[in-house]
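The values are calculated or read from the model by the stated rules, or taken from the named source; none is laboratory data. No experiment lies behind these values; they were computed from the predicted model shown. All Cβ positions, glycine included, derive from the backbone under ideal geometry; neighbour counts span all protein chains shown.
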Amino acid sequence: MEDSHAQAETLALREQFDTEAQQKDASTLGMWIFLITEIMFFGGMFAAYTIYRSAYPTVFGVASSSLNVTIGAINTCVLLLSSFTMVMAVRAGQLGQRNMIIFFLIITLIFGCVFLGVKAYEWTEKYEEHHMPGQIAFHLDGTPLQGPAKLFFSLYFAMTGLHALHMVVGVGILTFIILETKNGKYSADYYTPIDIAGLYWHFVDIVWIFLFPLLYLIDRHLPK
Amino acid sequence: MSQHVHEHIDSVGTYVGILVLLLIATVATTLVSFIDLGNFSVVAALAIAVCKMLLVALFFMHVRHSTKLTKLVIVGGLMWLAILLLLTLTDFATRGWTGPGR
Amino acid sequence: MNTAVAVEEKENYLNNGYGLKSWLLTKDHKRIAVLYFITISIFFAIGGTFASLIRAELLTPPGDLVSSETYNKLFTMHGVIMVFFFLIPSIPATMGNFFLPMMIGARDLAFPRVNLLSWYLLIAGGILAIYAMIAGGVDTGWTFYTPYSTTYSNTYVITTALGIFVAGFSSILTGLNFIVTVHRMRAPGMTWFRMPLFVWANYATGLIQVLGTPVIAVTLVLVFCERVFHIGIFDPQLGGDPILFQHLFWFYSHPAVYIMVLPGMGVISELISTFSRKAVFGYGFVAFSSVAIAVIGFLVWGHHLFVSGQSLYAGLVFSFLSYFVAIPSAIKVFNWTATLYKGSISFATPMLYAFGFIGLFTIGGLTGLFVASLGFDVHVTDTYFVIAHFHYVMVGGTIMAYMGGLHYWWPKMTGRMYPEGWAKLSALIIFVGFNFTFFPQFILGYVGMPRRYHAYPDEYQVLHVLSTAGATVLALGYLMPAVYFLWSLRYGEIASANPWGATGLEWQTPSPPPTHNFEHIPVVTHDAYDYTTVPREVMEVGR
């Protein structure tokens, strides 16, 4: 008896699934589980941060104050705006509006690149101020505990660096999705990749929502 | 014939409203950090961050329309992060309780 | 009677497409499982070679076979290969990949291309790790404790860490795939409580893989950063704490041991049921105990840090919690035993391995309780007692289950039977060899022989010689299946669809199965171990 599963495989219905709804459900669940792994991945660094901030609260405050809070806040808003344009792109996907999808994805992409550019500028500033842990001339003014100061900046660079890496991957994913949209791969019936790319993008935004206060806003009320 | 998943499409107004809330919260958390709240500062900062996270998750990530399983997965992930942080802290918070060197 | 010709000509997953590309670009979970079988067998051989060198060195008290530096590399590389490249993938990536979809009536996993990617990631990670070993080796211990691994070791730490990092993602993606598959791809009528317990076990394993592996991944990233960029998170000279590394490392590595043993327990549930011709007693308890082990297993990692400098209070908390994780494991052992009671028991090779598992895992598990006790652990930590404990559960447990499952499902996967006489003999040799290798190590550890030492006082030699002799027998025991399995591919008796008279959807397909698993997706109407559904004439067990 011939195998009854002889229908052609499409993007919208791969042969291991019975219905498109099942496929979308599975893809979404798969992305959410992946995001959970990302929570635990960043979580290790958040654990290190928690331990060391409670061990060296004053030094962390001094180090945090050396970061530019205005730039950090503006960058946070840039990323929030990009999340807005991302969900608008997904909405356009739900409505099958190809040009709007591309429009909003490109804006999201631009915001993402702005964020990364600002980050690069901040990092350069830290380098020039000799706040990079690998530097021989490392020195943070305002505290005798240079070791723990290095700890703060190690965490700063590791956490924002890992976050930036995820942004770069996100930019890559968005570029791919934009090209696929241009090639007409998506419609109101099948826009799942845009949806799950959005989930990824929003997650990276949420990580930054926590990184900003934890790194930039320690003991700001104290006089410099 | 394709099977259409009937889903809720949020309005542009909803998304704009959430964005505005998020931006306000960002300004708020920045300004609040300049006020001396002692140990409560970090609580306030984290509380605002959690609110922002909920807004992004519930509205931008459509969690409020998602299945029970998705919500369970998210709660599970956050619980596991909590396990990592809290159980590790049982060590570091209790160092020195039995005297120096322990 | 089987007509050999008819079976050979039928299309199955093995002959559906020839050539390297059809294998290296396959999306078929069964072919990917075969790729994994070959890969991890190679890793097992490499890890076993390191073990042989270790046991050879330990024959005599002085460190005379290799230098201390080389010995450090030997036990490190043995551990790294065996843990990350053999045991962690072992049962899930082979038998899980092959049978999980079939057992729930699915055509494949949820994400077949991600499945293939998982295999490539294991290969890539393995190449990095083996390159590190050939280029000069790594000597930090498989545990990579800081500050030695970050600051002082002059060996290939980064390359090895990278290899483990990459292999970790192989594990994460497999777990993710299994979880989504079980949630979303079950056939009509296949409710959660009709699934075979092997599926429950692999599902619970997937939960651990997904929640735990990312933490060791980021920890290795931090070690990498410390070595390369001198970003010192674990550096005491900066006020950092090396114990933080241990916390982060063991947060994964303890649940990792449950990644290694849970699937084995799933296999044992299948074997005990089939070869007692009886439903597993307390199905619900066994199913939930898998999930319980996965969850509780995340709460106990500090028992690896009892003497590290961790606070005493944390030690108390972790010791207390560690006792709880034994409970679900014990529940399984009791339920397997109750399954045997008044069952129609036969002693085919898979069942011999199942019996071996139950006995040896019980010893290993009980000694785990010993070391979970703070006072006792202070005495035996970092001695051969610990080594004996974990080899009892990992080798006496997991590898026995792996061998049992391999024999059990061999006819299904290959369409051939292995030679039963030789198989029974090797099972016996493995059992004897194993116990002679590792039981003396309990005694060695208790009387003070430290682990990771290659020179020791003369009075320990007798026990070491016993252990090495046992290891030689064990090695022979493992070599025999390698030979007769390969032999069976060509000369083995043609296997029927259900040579064991087992329940389970995988036995309702031909041996070997067709690429799409089922002609028509089955509708499930009965429980998992319902032997009334197995036709009489198939019951030809007890060969």
- prompt: Applying the selection to segment A:76-113, what residues are within 10 Å of chain B (Cβ to nearest Cβ), touching a Phe, Trp or Tyr at 6+ places or on another chain (Cβ under 7 Å) and over 23 Å from B:H8 (Cβ atoms)?
  reply: A:T76, A:L79, A:L81
task: Looking at (1) within 30 Å of B:I24 (Cβ to Cβ); (2) away from chain B (no Cβ under 14 Å), find the lone condition where A:L217 falls short.
output: (2)
message: Looking only at segment C:141-192, count every residue that is within 22 Å of C:S253 (Cβ to Cβ), touching a residue at least 40 places away in the same chain (Cβ under 8 Å) and among the hydrophobic types (A, V, I, L, M, F, W, C) and tell me the total.
response: 15
message: It is to be established whether one or more residues within segment C:260-270 are hydroxyl-bearing (S, T, Y), touching a Leu at 6+ places or on another chain (Cβ under 7 Å) and either modelled with pLDDT of 95 or more or in a helix (DSSP H, G or I) (or both).
response: yes
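Could you tell me which residue of segment C:419-440 is farthest from C:A348 (Cα to Cα), considering only residues that are among the polar types (S, T, N, Q) and in contact with a Ser or Thr (Cβ under 9 Å, 6 or more places away or on another chain)?
So, considering only residues that are among the polar types (S, T, N, Q) and in contact with a Ser or Thr (Cβ under 9 Å, 6 or more places away or on another chain), the one farthest from C:A348 (Cα to Cα) is C:T437.
The rows are residues; the columns are (1) more than 7 Å from chain B (Cβ to nearest Cβ); (2) more than 30 Å from A:K150 (Cβ to Cβ); (3) more than 27 Å from the chain's Cα centre (by Cα); (4) modelled with pLDDT of 95 or more.
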{"site": "A:E9", "(1), (2), (3), (4)": "yes, yes, yes, no"}
{"site": "A:A12", "(1), (2), (3), (4)": "no, yes, yes, no"}
{"site": "A:A21", "(1), (2), (3), (4)": "no, yes, yes, no"}
{"site": "A:W32", "(1), (2), (3), (4)": "no, yes, no, yes"}
{"site": "A:T37", "(1), (2), (3), (4)": "yes, no, no, yes"}
{"site": "A:M40", "(1), (2), (3), (4)": "no, no, no, yes"}
{"site": "A:G43", "(1), (2), (3), (4)": "no, no, no, yes"}
{"site": "A:Y56", "(1), (2), (3), (4)": "yes, no, yes, no"}
message: Given the condition under 23 Å from the mean Cα position of the chain (by Cα), in contact (Cβ under 8 Å) with a residue 60 or more places away in the chain and farther than 23 Å from C:Y145 by Cβ, answer yes or no: does some residue in segment C:65-76 qualify?
response: no
- prompt: Quick check: anything in segment C:288-303 modelled with pLDDT of 95 or more and part of a loop (DSSP other than H, G, I, E, B)?
  reply: yes
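Would you confirm whether or not segment C:478-488 contains a residue that is touching a Phe, Trp or Tyr at 6+ places or on another chain (Cβ under 7 Å) and within 20 Å of C:T60 (Cα to Cα)?
No, there is no match, as no residue in segment C:478-488 is touching a Phe, Trp or Tyr at 6+ places or on another chain (Cβ under 7 Å) and within 20 Å of C:T60 (Cα to Cα).
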task: Please enumerate the residues belonging to segment C:219-237 that are surrounded by fewer than 23 Cβ atoms within 10 Å (Cβ to Cβ), within 7 Å of chain A (Cβ to nearest Cβ) and part of a helix (DSSP H, G or I).
output: C:C225, C:F229, C:Q237
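Would you tally the residues in segment C:416-465 being more than 30 Å from C:F144 (Cβ to Cβ) and within 26 Å of the chain's Cα centre (by Cα)?
Summing the residues that are more than 30 Å from C:F144 (Cβ to Cβ) and within 26 Å of the chain's Cα centre (by Cα) in segment C:416-465 gives 20.
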message: For a quick check of your reading: which helices (runs of 4 or more DSSP H) sit entirely within segment B:1-92 and have at least 1 residues that are on the phi < 0 side of the Ramachandran plot, in contact with a Pro (Cβ under 9 Å, 6 or more places away or on another chain) and more than 7 Å from chain A (Cβ to nearest Cβ)?
response: B:40-55
- request: With respect to A:A63, determine if the residue is in contact (Cβ under 8 Å) with a residue 24 or more places away in the chain, facing another protein chain (nearest Cβ under 7 Å), crowded, with 21+ Cβ neighbours inside 10 Å and more than 26 Å from B:I24 (Cβ to Cβ).
  value: no
field: Subset of segment C:185-201 [part of a helix (DSSP H, G or I) and over 19 Å from the mean Cα position of the chain (by Cα)]
entry: C:W192, C:F193, C:R194
Segment A:73-102: number of residues that are more than 21 Å from the chain's Cα centre (by Cα) and surrounded by 20 or more Cβ atoms within 10 Å (Cβ to Cβ): 2
query: Can you tell me which residues in segment B:52-82 are without any contact (Cβ under 8 Å) to a residue 40 or more places away in the chain, buried (at least 16 other Cβ atoms within 10 Å of the Cβ) and under 18 Å from A:F210 (Cβ atoms)?
result: B:K52, B:M53, B:L55, B:V56, B:A57, B:M61, B:V63, B:I74, B:G77, B:W80, B:L81
field: Residues of segment A:180-189 satisfying the condition of being crowded, with 20+ Cβ neighbours inside 10 Å and either outside any loop (DSSP other than H, G, I, E, B) or not hydroxyl-bearing (S, T, Y) (or both)
entry: A:T181
field: Failed item, numbered, when C:V280 is tested on (1) more than 10 Å from chain A (Cβ to nearest Cβ); (2) crowded, with 23+ Cβ neighbours inside 10 Å; (3) assigned to a helix (DSSP H, G or I)
entry: (3)
query: For segment A:190-214, which residues satisfy the criterion of being more than 12 Å from chain B (Cβ to nearest Cβ) and surrounded by fewer than 21 Cβ atoms within 10 Å (Cβ to Cβ)?
result: A:P193
statement: By residue number, the members of segment C:121-137 that are closer than 20 Å to C:I88 by Cα and in contact (Cβ under 8 Å) with a residue 40 or more places away in the chain are C:L121, C:L122, C:I123, C:A124, C:G125, C:G126, C:A129, C:I130, C:M133
query: Within segment C:244-259, can you find the residues that are touching a Leu at 6+ places or on another chain (Cβ under 8 Å) and surrounded by fewer than 24 Cβ atoms within 10 Å (Cβ to Cβ)?
result: C:W250
